[in-house]
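The values are calculated or read from the model by the stated rules, or taken from the named source; none is laboratory data. What you are looking at is a predicted structure, and each value in this text was computed from that prediction instead of being measured. Here the Cβ is made from the backbone with ideal geometry for all residues, glycine too, and neighbour counts use every protein chain on show. In case anyone asks, the SASA skips ligands and DNA or RNA and just uses the protein heavy atoms, side chains included. Shrake-Rupley method; radii C 1.70, N 1.55, O 1.52, S 1.80 Å.
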Amino acid sequence: MAFLLTFLGKGGTGRTTVAIAAAKQFAEQGYRVLLASQNPGPGFDLIIGAPVGTDPQELGVNLKAVQLRSTVLLEKAWEDLKQLEAEYVRTPFFKTVFGQELGILPGMDSALALNALREYEDSGNYDVIIYDGPGDLSTLRMVGSPEILSWYARRFRQVIADSDLGKALSPFVQPVTAAVFTVNWAGDNFAEPTERANAALDDAKQAIADPNRVAAYLVTTGDEVAIATAQYYWGSAQQVGLTIGGVIATPTTVPLDAAALQTAFDPLSVATLPSYTGDWQALITALPDLKQAATAPKPMDIDVALGQVKLFLPKFDKSQVKLTQYGPEVTIEAGDQRHNIFLPPELRGKPVKAAKFQGGYLTISF
């Protein structure tokens with residue numbers, strides 16, 4: 001399984017430069033590396049010193065790069081959908097629509113990029129995948145989408161099943177699906193396609209929760225806006241279960257105060273890079289061990305024995321955190337992110353007895 005790494009931070013802090021240096025560092029260490037960029041402009045090619053296309057291409061020993069262009073990814077995804085449709089639907093209806101016709105709707109870029117990263121990971125050709133994306137809340141929403149999709153499927157499936165409409169339609173589900181689909185979707189058995197989708201979502205959620213498989217680092221300068229932005233992304237990342245392994249500070253016209261940065265991001269480690277002057281080796285040497293993200297604070301910890309859920313929400317204060325409970329789930333709202341926690345069976349159905357926010361941690365007791 002490949003290790004997926006990305007970088008978060010304000011625009012102009014040098015995220016792309018850091019991503020390239022990280023890819024080169026892993027390649028020097030003997031890992032098979034794919035550097036995947038979702039920056040549509042010419043900046044990536046100029047910094048890396050070579051034109052990069054939509055298929056992985058060699059940049060050096062153990063290092064390949066690819067541009068994730070949404071139009072190309074959409075065409076491929078559409079063809080895959082048509083093949084799936086032909087496999088399960090008796091009379092396919094998407095076959096007259098072609099991928100070259102489709103336009104990119106808001107939100108498609110992230111979904112297409114996530115699917116491409118999943119496919120590259122599944123290929124087994126890479127040990128490390130570096131994702132150079134927007135590095136903002138859209139990246140976090142992309143990382144958190146498997147959990148959100150699972151929640152929607154879980155929540156609305158039950159809502160529909162319990163509704164009068166669902167009960168009225170249930171006798172017709174079997175004959176209608178038998179007529180339309182080539183598989184038997186009897187009752188609540190959604191058969192192989194649904195099982196495959198659920199398995200993919202479960203694997204994605206497990207990967208994101210494991211810092212040995214997916215992690216991010218914050219990139220900032222000495223500018224107070226860049227620092228505040230990185231702190232906000234740090235707290236928001238916890239809401240999607242993404243581990244932040246540390247902070248990488250890049251020099252600009254604003255001097256870097258190492259002590260102040262360490263205080264601002266404690267307990268994360270802060271590594272300071274030199275200015276990039278064409279010498280990649282200097283940056284590579286200054287980078288920390290990026291595979292040590294597992295030593296950073298975990299976004300969430302569930303202690304069944306104590307009946308507690310503990311979430312790490314750094315840089316938020318008590319007034320910014322909201323807790324609600326609906327049935328077997330607890331919803332945490334912080335900033336512009338919501339986290340629906342599907343409780344383990346031992347805690348499911350128990351009411352929240354107490355909630356305490358202290359030292360960046362929200363502790364919920366049942």
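Considering only residues of the range 41-54 that are farther than 17 Å from Thr6 by Cβ and either modelled with pLDDT of 95 or more or touching an Asp or Glu at 6+ places or on another chain (Cβ under 9 Å) (or both), which is most open to solvent (accessible area, probe 1.4 Å)? Among residues in the range 41-54 that are farther than 17 Å from Thr6 by Cβ and either modelled with pLDDT of 95 or more or touching an Asp or Glu at 6+ places or on another chain (Cβ under 9 Å) (or both), the one most open to solvent (accessible area, probe 1.4 Å) is Pro51.
Conditions (1) within 26 Å of the chain's Cα centre (by Cα); (2) without any contact (Cβ under 8 Å) to a residue 60 or more places away in the chain; (3) assigned to a strand (DSSP E or B), marked per residue:
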{"residue": "Ala259", "(1), (2), (3)": "no, yes, no"}
{"residue": "Gln262", "(1), (2), (3)": "yes, yes, no"}
{"residue": "Thr277", "(1), (2), (3)": "no, yes, no"}
{"residue": "Leu311", "(1), (2), (3)": "yes, no, yes"}
{"residue": "Lys315", "(1), (2), (3)": "yes, no, no"}
{"residue": "Lys322", "(1), (2), (3)": "yes, yes, yes"}
{"residue": "Gln325", "(1), (2), (3)": "yes, yes, yes"}
{"residue": "Thr363", "(1), (2), (3)": "yes, yes, yes"}
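What number of residues in the range 180-218 are assigned to a helix (DSSP H, G or I), open to solvent by 50 Å² or more (accessible area, probe 1.4 Å) and modelled with pLDDT under 65? Counting residues in the range 180-218 that are assigned to a helix (DSSP H, G or I), open to solvent by 50 Å² or more (accessible area, probe 1.4 Å) and modelled with pLDDT under 65 gives 2. In the range 114-147, the qualifying residues are those that are assigned to a helix (DSSP H, G or I) and either free of Cβ contacts under 8 Å to residues at least 12 places away in the same chain or of a type in the set (Ser, Thr, Tyr) (or both), and the one that is most open to solvent (accessible area, probe 1.4 Å) is Asp122. Within the range 222-244, the set of residues being in contact with a Gly (Cβ under 8 Å, 6 or more places away or on another chain), open to solvent by less than 10 Å² (accessible area, probe 1.4 Å) and either more than 20 Å from Asp336 (Cβ to Cβ) or of a type in the set (S, T, N, Q) (or both) comprises Ser236, Gln239. Is the range 85-93 home to any residue that is without any contact (Cβ under 8 Å) to a residue 12 or more places away in the chain, touching a Phe, Trp or Tyr at 6+ places or on another chain (Cβ under 7 Å) and either within 20 Å of Ala113 (Cα to Cα) or not β-branched (Val, Ile, Thr) (or both)? There is at least one residue in the range 85-93 that is without any contact (Cβ under 8 Å) to a residue 12 or more places away in the chain, touching a Phe, Trp or Tyr at 6+ places or on another chain (Cβ under 7 Å) and either within 20 Å of Ala113 (Cα to Cα) or not β-branched (Val, Ile, Thr) (or both). Does Thr243 count as touching a helix residue (DSSP H, G or I) at 6+ places or on another chain (Cβ under 9 Å), among the hydroxyl-bearing types (Ser, Thr, Tyr), within 20 Å of Arg141 (Cβ to Cβ) and modelled with pLDDT of 90 or more? It is true that Thr243 is touching a helix residue (DSSP H, G or I) at 6+ places or on another chain (Cβ under 9 Å), among the hydroxyl-bearing types (Ser, Thr, Tyr), within 20 Å of Arg141 (Cβ to Cβ) and modelled with pLDDT of 90 or more.
Filtering the range 15-41 to residues that are assigned to a loop (DSSP other than H, G, I, E, B) and out of contact with any Pro (no Cβ under 9 Å at 6 or more places or on another chain) leaves Gln29, Gly30, Tyr31, Arg32, Pro40, Gly41. Look at Leu347 and say whether it is assigned to a strand (DSSP E or B), among the hydrophobic types (A, V, I, L, M, F, W, C), on the phi < 0 side of the Ramachandran plot and in contact with a strand residue (DSSP E or B) (Cβ under 9 Å, 6 or more places away or on another chain). In short, no.
Whenever a residue of the range 94-113 is modelled with pLDDT of 80 or more and surrounded by 12 or more Cβ atoms within 10 Å (Cβ to Cβ), its partners that are of a type in the set (S, T, N, Q) and assigned to a loop (DSSP other than H, G, I, E, B), lying with C-beta atoms within less than 6 angstrom and at least six residues away or across chains, give the pairs Ala113/Gln38. Every condition in (1) closer than 18 Å to Gln281 by Cβ; (2) modelled with pLDDT under 90 is met by Gly60 except one, and the failing one is (2).
Across the range 350-359, the qualifying residues are those that are open to solvent by 90 Å² or more (accessible area, probe 1.4 Å) and assigned to a loop (DSSP other than H, G, I, E, B), and the one among them that is farthest from Ala153 (Cα to Cα) is Lys353.
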